[in-house]
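Undergrad: This is the structure, below, for whatever I ask next.
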Amino acid sequence: MSVESVFPRLEALLPKVQKPIQYVGGELNSTVKDWDEADVRWALMYPDAYEVGLPNQGVAILYEILNELPDTLAERTYSVWPDLEALMREHGVPQFTVDGHRPVRAFDVLGLSFSTELGYTNMLTALDLAGIPLHAAERGDDDPIVLAGGHAAFNPEPIADFLDAAVLGDGEQIAIAITEVIREWKREGSPGGRDELLMRLAESGGVYVPKFYDVEYHADGRIKRVAPNRPDVPWRVHKHTVMDLDEWPYPKKPLVPLAETVHERFSVEIFRGCTRGCRFCQAGMITRPVRERSITTIGAMVENGIKESGFNEVGLLSLSSADHSEIGEVAKGLADRYEGTNTSLSLPSTRVDAFNIDLANEFSRNGRRSGLTFAPEGGSERMRKVINKMVTEEDLIRTVTTAYSQGWRQVKLYFMCGLPTERDEDVLGIADLAKKVIQAGREATGSRDIRCTVSIGGFVPKPHTPFQWAAQADHETVDRRLKELRDVVRNDRQYGRAIGFRYHDGKPSIVEGLLSRGDRRVGAVIRAVWEDGGRFDGWSEHFSFDRWMTGAEKAGVDVDWYTTREREENEVLPWDHLDAGLDREWLWQDWQDAVNETEVEDCRWTPCYDCGVCPTMGTEIQIGPTGRKLLPLTVV
Ligand code: SF4
């Protein structure tokens, strides 16, 4: 049955809202397939504004892969700003896709990709605007399956009541598998309705369906156990891992945004996973093992992506791009190929060594030398041992000296505040480090025109990391330490003016902490906040800490219990039945090592230390060198 476009009704509202172009679709490389010719239809959502959502790689990749399947269509939808939301409510316009402007409720699946938990209230807005009941239990056979993916889906418990399903890990293969399960079920005439479809997905072992699991609690509020409530549902749901990235060279046809977006470049993921073992880093832990894309595939993807999109900037993405085993050859090959053209290359890299500067020099051949970024993350040697960020002060000073002497004038340093075991002096150590960096720059260049910007983020303990048991620092402590640090930097007559200082207050981290390590009881807080007007919580101008605290009070949820409380080893954690592959005992041991300030090496270059991922997931580390070359080159 055909579905009508809502565009005629939407168009009348667009002159009244800000940035209307973000709602019109029709971008280069976007796709609108015939509705009636598809039998499985996905609406893919990044639950934030178009400017943040469009460049999201996860959504872009699934959009292409699903649209390449016969009899399948995928369209995109983003969060609408509050001005359009109000008008849509007034005029009865539902949540729509930007491709075909079709109502989201007409699709079979609404797939949401969560990079951060702060998008949860935006999901509720989209569901409500779509006319889909907020609670999964109230949905009927005509409602789409609401499915979450992305890093936040590794603990979807706080949004379990609003979700029909969640998938962990790489989406390429599981999205196709889910499509086939739905297709089969529809071809059979949708036997057993929505419940049977969810059962089929759950039985496959690759899809988590929260309603098929019951949570029991102890009297003191801790979880007693999480158990399946149907016989054929697995006790644990495993993450998905794509082993050969060369088989999945997406995006092949990059979407070119119509409105301004946060990144306007073609991004190629050069590897997935990271085994450096930074203990605070959820992405590093849940995406193990390392799987590299080959140098030849990277070269072909860059060439094809530029041709298909017209972008003049290419970003080589991964969690630590300079760690690709052939990054030197990749950098030189691409810099040679595009030298003298208007194509610039970027490598978001934070490795603290001279090799990184060689790479930056290659990549800046065609572009500006805007600045180099390094991430020591901890202000003192002790702190860096706790978090397993193996960077010594000596490394950092040697690296920045090389950078300044090779003509770089601006260095950015990233740190975190509120890390486990942190003391005041660890944070004040950031000022000392910044001063030494400026001093090194002045000595290396003989110039006083040297800048160092220090950016500090609040630490949030995340599920599936060794810090999942840690007490989060309260926001008063974080704010006091940051204020003291700021005063020390400002009052320094010799160096203070050369140091830029950027930080956020500690309150948003507490809310992120509540949502990251929350359980199903936190869902009532999210709903209360949303009902109270909570939207776009990742945006400081929309975020309200007070609204979250009021919501928690209304829901009877003690925020401190979820955030600043340290957990015991044997406490059942809300995500224990969701398997990222990491051995729980190894994680606990790594947490003890952190407290004892003991580091572990990267298993790419040292023997396996049995984190558990490879045997559990049937995977292995895949790195070069392949010995292959980026050649043959197309003459540019
Ligand atoms: S199982 Fe061993 S080789 Fe695999 S990621 Fe863990 S430590 Fe590395």
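Undergrad: May I ask you to derive the relative contact order of region 78-203, considering only C-alpha pairs under 8 Å and at least 6 residues apart, and to give it as an integer percent?
TA: Averaging sequence separation for qualifying contacts and normalising by length gives 21 percent for region 78-203.
Undergrad: Given a cut-off of under 8 Å on Cα pairs at least six residues apart, what relative contact order in percent is computed for region 401-505?
TA: Across region 401-505, relative contact order equals 37 percent.
Undergrad: Still on this structure: Name the GluC sites (Glu not before Pro) in region 9-100 that are in a loop by DSSP and that have at most 14 other C-beta atoms within 10 Å, would you?
TA: Passing both the DSSP loop test and the Cβ count: GLU37.
Undergrad: Something else about it: Taking amide H atoms as placed 1.01 Å from N in the peptide plane, list the residues 5 or more away in sequence, or in a different chain, whose amide H sits under 5 Å from that of SER344.
TA: The answer is GLU313, VAL314.
Undergrad: Please list 3J(HN,Hα) in residue order for region 547-558, calculated via the Karplus relation 6.51 cos²θ - 1.76 cosθ + 1.60 where θ = phi - 60°; whole Hz, with x for glycine and proline.
TA: Couplings: 4, 5, 5, 5, x, 5, 4, 4, 7, x, 9, 8 Hz.
Undergrad: Highest mean first, what order results for 535-546, 476-487 on Cβ atoms within 10 Å?
TA: Result, highest mean first: 476-487, 535-546.
Undergrad: Could you grab the relative contact order for the chain? Cα pairs under 8 Å, six or more apart, rounded to a whole percent.
TA: Details: 1214 pairs, mean separation 89.7, N = 636.
Relative contact order for the chain comes out at 14 percent.
Undergrad: When a/c is below 1.5 the answer is rounded, else prolate if a/b is larger than b/c, else oblate, so apply that to region 192-244 with a ≥ b ≥ c taken from the square roots of the Cα gyration tensor eigenvalues.
TA: The shape class here is oblate.
Undergrad: For region 486-503 and region 59-102, write down the distance between their C-alpha centroids in whole Å.
TA: 46 Å
Undergrad: Additional query: When DSSP beta bridges are limited to those with both residues in the chain, what percentage is antiparallel, rounded to the nearest 5?
TA: Antiparallel bridges: around 20 percent, rounded to the nearest 5.
Undergrad: Are there cysteines in the chain with no second cysteine's Cβ under 4.7 Å away, and if so, which?
TA: CYS274, CYS417, CYS452, CYS603, CYS608, CYS611, CYS614
Undergrad: Here's a follow-up. Which whole-Hz ³J(HN,Hα) couplings does region 57-74 yield from phi under the Karplus relation 6.51 cos²θ - 1.76 cosθ + 1.60, θ = phi - 60°, glycine and proline marked x?
TA: Karplus-based 3J(HN,Hα) across region 57-74 equals 5, x, 5, 4, 5, 5, 4, 6, 4, 5, 5, 6, 6, x, 6, 9, 10, 9 Hz.
Undergrad: Sort 153-166, 175-188 for me by packing, meaning the mean count of neighbouring Cβ atoms within 10 Å per residue, highest on top.
TA: Top to bottom by mean Cβ count within 10 Å: 153-166, 175-188.
Undergrad: How far is helix 475-490 tilted, in degrees, relative to the longest principal axis of the Cα atoms in the chain, given as a value from 0 to 90 rounded to the nearest 10?
TA: 30 degrees
Undergrad: Tell me which residues come under 5 Å, amide H to amide H, from MET45 once H is placed; ignore anything under 5 positions away on its chain.
TA: So MET45 has HN proximity to THR77, GLY111, LEU112, SER113.
Undergrad: With a sphere of radius 12 Å drawn around the Cβ of ARG183, what net charge do the other residues whose Cβ falls strictly inside it have (Lys, Arg +1; Asp, Glu -1)?
TA: Once positives and negatives cancel, what remains is -2.
Undergrad: List the residues, sorted by chain then number, that are 5 or more residues from SER267 or on another chain and whose placed amide H is less than 5 Å from its amide H.
TA: It is GLY315, by chain and number.
Undergrad: Kindly write out, for region 596-611 in residue order, the coupling ³J(HN,Hα) from the Karplus curve 6.51 cos²θ - 1.76 cosθ + 1.60 (θ = phi - 60°), rounded to whole Hz, with x marking Gly and Pro.
TA: With the stated coefficients, region 596-611 comes to 8, 6, 10, 9, 10, 7, 7, 6, 5, 10, 10, x, 3, 10, 6, 6 Hz.
Undergrad: Moving on. Working from Cα positions, state the angle (0 to 90°, nearest 10) between the long axis of helix 393-405 and the longest principal axis of the chain.
TA: Around 80 degrees separate the two axes.
Undergrad: With angles folded into 0 to 90 degrees, how steeply does helix 120-130 sit against the dominant principal axis of the chain? Use alpha carbons for both and round to 10.
TA: 30 degrees
Undergrad: Sticking with this structure for a sec: Could you tell me what percent of the DSSP beta bridges with both partners in region 79-182 are antiparallel, to the nearest 5?
TA: So the antiparallel bridges in region 79-182 amount to around 10 percent.
Undergrad: First select every other residue whose beta carbon is under 9 angstrom from the beta carbon of LEU129; then total the charges, Lys and Arg +1, Asp and Glu -1.
TA: -1
No lab work stands behind these numbers, since they all come straight from the coordinates. Note that the structure is predicted; figures quoted are calculated from it, not measured. So basically every Cβ, Gly included, is an ideal-geometry build from the backbone, and we count neighbours across all protein chains shown.
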